[in-house]
1. Is it the case that region B:219-237 has a residue that's at negative phi, touching a helix residue (DSSP H, G or I) at 6+ places or on another chain (Cβ under 6 Å) and more than 10 Å from chain A (Cβ to nearest Cβ)?
2. Could you tell me whether residue A:176 is closer than 21 Å to residue B:255 by Cα, touching a strand residue (DSSP E or B) at 6+ places or on another chain (Cβ under 7 Å), within 12 Å of chain B (Cβ to nearest Cβ) and surrounded by 16 or more Cβ atoms within 10 Å (Cβ to Cβ)?
3. Within region A:201-209, is even one residue within 8 Å of chain B (Cβ to nearest Cβ) and either assigned to a loop (DSSP other than H, G, I, E, B) or surrounded by fewer than 24 Cβ atoms within 10 Å (Cβ to Cβ) (or both)?
4. When only residues in region B:120-166 that are within 14 Å of chain A (Cβ to nearest Cβ) and touching a residue at least 12 places away in the same chain (Cβ under 8 Å) count, which is surrounded by the fewest Cβ atoms within 10 Å (Cβ to Cβ)?
5. Only one of (1) within 14 Å of the chain's Cα centre (by Cα); (2) surrounded by fewer than 22 Cβ atoms within 10 Å (Cβ to Cβ); (3) more than 26 Å from residue A:165 (Cβ to Cβ) is not met by residue A:217, so which one is it?
6. For residue A:83, all conditions in the list (1) on the phi > 0 side of the Ramachandran plot; (2) in contact with a strand residue (DSSP E or B) (Cβ under 9 Å, 6 or more places away or on another chain) hold save one; what is the number of the exception?
7. Residue check: is residue B:237 in a loop (DSSP other than H, G, I, E, B) and farther than 26 Å from residue A:118 by Cβ?
8. Within region A:246-266, how many residues turn out to be out of contact with any helix residue (DSSP H, G or I) (no Cβ under 7 Å at 6 or more places or on another chain), assigned to a strand (DSSP E or B) and either touching a residue at least 40 places away in the same chain (Cβ under 8 Å) or away from every other protein chain (no Cβ under 12 Å) (or both)?
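The values are calculated or read from the model by the stated rules, or taken from the named source; none is laboratory data. Just so it is clear, the model here is predicted, and its values are computed rather than measured. Note that each Cβ is placed from the backbone with ideal geometry, even for glycine, and that neighbours are counted across all protein chains shown.
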């Protein structure tokens with residue numbers, strides 16, 4: 001059986017017994033963006049290094065990924081170090097590096113993560129899923145001809161699709177809210193790595209808020225995992241509703257707050273990212 | 001002239017020419033919380049190490065702080081390393097450690113930060129300041145007898161004050177939104193470190209959403225700085241409106257999304273944090 005392209009992209013080999021925190025990976029053409037991999041797959045790779053580490057305690061609850069430079073096509077090293085292990089929580093420091101032309105390792109991504117033993121407690125969704133049309137009642141977006149990674153997702157825009165009229169007038173554009181029904185194409189059962197990637201599926205909010213096709217890219221992204229392994233399994237290959245919205249656009253950066261729900265209405269993850277843009 | 005208590009708390013000494021990334025600090029009794037320093041002052045200290053570093057490029061745009069363990073009363077080392085410097089952006093990896101009883105350094109906090117040269121661009125607040133009563137029309141909260149750090153802030157709750165009836169019934173509690181007019185007491189001109197601390201002034205959202213006084217504490221916090229040095233200077237010693245709201249409460253953790261505006265309505269920072277709670 002051929003591996004799913006997402007699992008191929010996330011494949012990591014231990015670097016050896018003398019470097020227990022380091023894994024070797026390779027960028028995936030299937031998840032290629034403009035000048036590097038899709039940021040969501042890079043975030044998922046950071047998490048994958050933690051999940052493969054023999055010292056892992058618990059499940060992911062928090063992940064922050066900083067994109068320090070575009071990852072070049074080819075091999076990379078990723079190091080995930082458990083710097084503090086408590087009774088029920090564990091803190092990780094992660095970095096991805098590649099050799100430069102002189103053979104010196106250069107950092108392309110830094111990250112931190114927290115894992116924890118989850119327990120059942122009182123629970124409440126304080127951000128109910130917005131009322132939107134069902135996935136089957138929303139047409140699938142045609143992404144052919146766009147960046148390669150977009151072909152790895154089925155996206156159905158319930159609200160805030162990519163503009164078709166690039167008029168550049170923020171007064172004609174009421175907000176920066178996008179709601180997408182999303183799942184892997186080909187289907188793959190949801191897990192922590194794939195939901196970490198899906199938290200980054202949004203096109204730049206500035207394109208919606210002031211419709212001009214300016215260059216932009218995520219510089220930092222933080223995702224909190226509210227779902228357990230069991231709750232992600234329940235979603236299976238079903239759709240996830242991903243909602244993203246900008247809050248402030250200024251000085252060449254904007255932020256994006258995001259929430260991802262299961263179709264049944266469970267808030268699976270919340271996320272916040274910072275994106276640079278050029279004018 | 002005596003230094004402001006916040007500047008005393010943030011005072012860092014270079015560890016020496018052979019360790020250019022390391023600074024030595026000391027916890028401050030003035031910002032003491034329950035079992036360690038106020039998390040906001042720890043976040044500000046992480047940022048201070050970056051700001052004092054001779055290799056600094058630009059101004060803070062992003063800061064993530066992970067609270068791996070309670071910082072003990074006393075001295076600590078903080079290391080801030082510029083792991084990647086680009087033309088206009090710089091990425092930092094930060095950690096705070098203290099020796100254990102055996103003299104081994106133990107990590108109490110990990111952090112990452114990004115600094116950048118800000119430039120004027122098109123700008124827009126997509127999260128306008130909510131309409132609330134003016135600070136002078138809201139009584140100041142009486143924090144006497146509570147944790148020491150609370151005495152370092154003037155807080156005026158425009159909405160969502162700490163409950164007085166701990167009934168524990170989420171059905172009687174409509175939401176988890178708190179809006180506070182806040183400033184340093186004694187007054188201190190706003191800067192990146194103080195706004196980083198103010199992003200953490202909220203009491204646990206679970207206390208408001210399900211009024212039971214359960215233990216809780218921040219485990220990770222990310223703050224995006226949308227304001228420039230000049231815009232923070234304009235605020236001076238004026239009030240900041242801090243709004244915080246939980247989105248999901250589950251498995252012993254909840255998140256809190258926050259926005260902080262100047263009284264003039266400028267969105268200064270957005271922030272997102274994850275908090276553990278016990279039942």
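1. Taking every residue of region B:219-237 in turn, none turns out to be at negative phi, touching a helix residue (DSSP H, G or I) at 6+ places or on another chain (Cβ under 6 Å) and more than 10 Å from chain A (Cβ to nearest Cβ).
2. Values: closer than 21 Å to residue B:255 by Cα: no; touching a strand residue (DSSP E or B) at 6+ places or on another chain (Cβ under 7 Å): yes; within 12 Å of chain B (Cβ to nearest Cβ): yes; surrounded by 16 or more Cβ atoms within 10 Å (Cβ to Cβ): yes.
Judged against the criteria, residue A:176 is not a match.
3. The answer is yes; a qualifying residue exists.
4. Taking region B:120-166 and keeping what is within 14 Å of chain A (Cβ to nearest Cβ), we get B:120-130, B:160.
Then keep just the ones that are touching a residue at least 12 places away in the same chain (Cβ under 8 Å); that gives B:125, B:127-130, B:160.
On the way: B:125: 17, B:127: 17, B:128: 11, B:129: 18, B:130: 13, B:160: 23.
The qualifying residue surrounded by the fewest Cβ atoms within 10 Å (Cβ to Cβ) is B:128.
5. Going through (1) within 14 Å of the chain's Cα centre (by Cα); (2) surrounded by fewer than 22 Cβ atoms within 10 Å (Cβ to Cβ); (3) more than 26 Å from residue A:165 (Cβ to Cβ) one by one, residue A:217 breaks only (3).
6. For residue A:83, the failing item is (1).
7. On the way: in a loop (DSSP other than H, G, I, E, B): yes; farther than 26 Å from residue A:118 by Cβ: yes.
Taking the combined requirement at face value, the residue satisfies it.
8. Number satisfying all stated conditions: 3.
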